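For reference, the structure is listed below as structure tokens.
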Amino acid sequence: MSIPTYGLIGRGRVATHFAHYLGLEDREIVQWHRGSGCPVSHIVDAADVVLLAISDDAIEEFIDGHPEIRDRPVVHFSGSLAIDAASGLHPLMTFGPELYDLADYRAIPFVGESGGARFDEIFPGLPNPSQTIDRDLKPLYHALCVLAGNFTAISWTKAMEDFEARLGLPREILRPFLERTAANTLDHGRAAVTGSLARDDHGSIQRDLDGLDHDPFQEVYRAYTHAAGQGGRP
């Protein structure tokens, strides 16, 4: 099985992590971004596969503006976008400011589109697990990813910052709570929800809402209690 040379477009977090992963796997990469100082064609001509690690809103415009890339497989990493000009392969992972170890990259699942390019076709020999979903389900899929990933990160960051700034408690005190919450959720799903929400304790829920008075997260708390089918005054 021949190993392709990859033309990687972009230099944001996904592009940076993916370039590092492919480098760890000794894959040949040529990379282009707006500050490269050379035409896209110089990179594309050397590539067997084009990888678009750019913002969702820029993907179609980039393809339309560079028709020379269409004579080879073109893959984007968007979790919600589905277009005819490129196949989607979404890495089901969060990418932080620090690079990961090879084992972490190899464990990342990829979710592709039914009828689109398969992961093992684009990245032969890489061990990542992969699945496919119908293209019309991608917006739901990505919304669930954001709920599970970014929104929980925002909630935990809020707690850590306010523990320090408003309660005078060190943020590190939350680590065992966070780690056990994640473990219980993975192992037990909804049964990991405890306390006043599990008991549907309206008084406790309302006191929590009162504690968040004049805080924009009061509406976040209220929305979650209603979405979970719990109480709390509207």
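Could you compute the FRET efficiency for residue 20 and residue 137, with r as their C-beta to C-beta distance and R0 at 25 Å, rounded to 0.05?
0.25
Does the range 40-93 come out rounded, prolate or oblate by the C-alpha gyration tensor, with a ≥ b ≥ c the root eigenvalues, rounded set by a/c under 1.5 and, if not, prolate when a/b is larger than b/c and oblate if not?
In terms of gyration-tensor shape, prolate.
Averaging over every viewing direction, what projected area does the convex hull of the Cα atoms of the range 6-135 cover, in nm²? Don't skip to the answer; put the middle values down first.
Numbers: hull surface 29.8 nm².
Reported value for the Cα convex hull: 7.4 nm².
Under 1.5 on a/c is rounded, so check that first for the range 148-227, then, if it is not, pick prolate when a/b is larger than b/c and oblate when it is not; a ≥ b ≥ c are the square roots of the alpha carbon gyration tensor eigenvalues.
Cα axes put the range 148-227 in the oblate bin.
Go through 160, 148, 110 and say which Cα lies farthest out towards the positive end of the charge dipole of the chain; charges sit on Cβ, +1 for Lys and Arg, -1 for Asp and Glu.
Final value for the positive-end residue is 160.
Among bridges DSSP assigns within the range 6-135, what percent are antiparallel (round to 5)? The partial results should precede the final answer.
On the way: 4 of 21 bridges.
Close to 20 percent.
Going by alpha carbons, how many degrees (0 to 90, nearest 10) lie between the helix axis of 175-188 and the longest principal axis of the chain?
The angle comes out at about 80 degrees.
Pick out which of 16, 181, 152 has the largest mean-square fluctuation in a Gaussian network model of the chain, springs linking Cα atoms closer than 10 Å.
Of the options given, 181 has the highest mean-square fluctuation.
Considering Cα pairs under 8 angstrom that are at least six residues apart, work out the relative contact order of the chain and quote it in whole percent.
It rounds to 12 percent for the chain.
Mind checking the dipole of the chain: about its Cα centre, +1 per Lys or Arg Cβ, -1 per Asp or Glu Cβ, Debye to the nearest 20?
For this selection, approximately 520 debye.
Over all directions, average the projected area of the Cα convex hull of the range 97-234 and note it in nm². Before the final figure, lay out the partial values.
Details: hull surface 46.0 nm².
Directional mean of the projected Cα hull area for the range 97-234 stands at 11.5 nm².
Which trypsin sites (Lys or Arg not before Pro) does the range 146-234 hold that lie in a coil by DSSP with at most 11 other beta carbons within 10 Å?
166
Each residue of the range 54-68 in turn: what ³J(HN,Hα) in whole Hz from Karplus with 6.51, -1.76, 1.60 and θ = phi - 60°, glycine and Pro shown as x?
Once rounded to whole Hz, the list reads 10, 5, 3, 5, 9, 5, 5, 4, 5, 5, 4, x, 9, x, 5.
Pairs of alpha-carbon atoms within less than 8 angstrom and 6+ residues apart define the contacts here; what relative contact order does the range 86-140 have, in percent?
Result for the range 86-140 is 37 percent.
Is the C-alpha gyration tensor of the chain telling us rounded, prolate or oblate? Criteria: a/c under 1.5 is rounded; beyond that, a/b larger than b/c is prolate, otherwise oblate. List each step's numbers first, then the result.
Numbers: a/c = 2.32, a/b = 2.20, b/c = 1.06.
Verdict is prolate for the chain.
To the nearest µm²/s, what D does Stokes-Einstein give for the range 1-41 at 37 °C and 0.692 mPa s, using the Kirkwood radius over alpha carbon pairs as Rh?
301 µm²/s
Among DSSP beta bridges lying fully in the chain, give the percent that are antiparallel, nearest 5.
20 percent
Using a basic spin-label model with each label point 7 Å from the Cα along Cα→Cβ, how many nm lie between residue 165 and residue 80?
If labels sit at residue 165 and residue 80, their model points lie 2.7 nm apart.
All other residues with a Cβ under 14 Å from the Cβ of residue 65 taken together, and with Lys, Arg as +1 and Asp, Glu as -1, what is their net charge? Write down the numbers at each step before the final one.
Values: positive: 34, 70; negative: 57, 60, 61, 64, 68.
Local net charge: -3.
Nearest 10 degrees, 0 to 90: what angle lies between the long axis of helix 13-24 and the longest principal axis of the chain (Cα atoms)?
The angle comes out near 60 degrees.
Of 69, 9, 63, how do they rank once you tally other Cβ atoms within 10 Å and put the fewest first?
Working: 69 23, 9 28, 63 19.
In increasing order of surrounding Cβ atoms, one gets 63, 69, 9.
Just so you know, all these numbers are worked out from the coordinates, no wet-lab data involved. Everything quoted here is computed from the prediction, not taken from an experiment. Note that each Cβ is placed from the backbone with ideal geometry, even for glycine, and that neighbours are counted across all protein chains shown.
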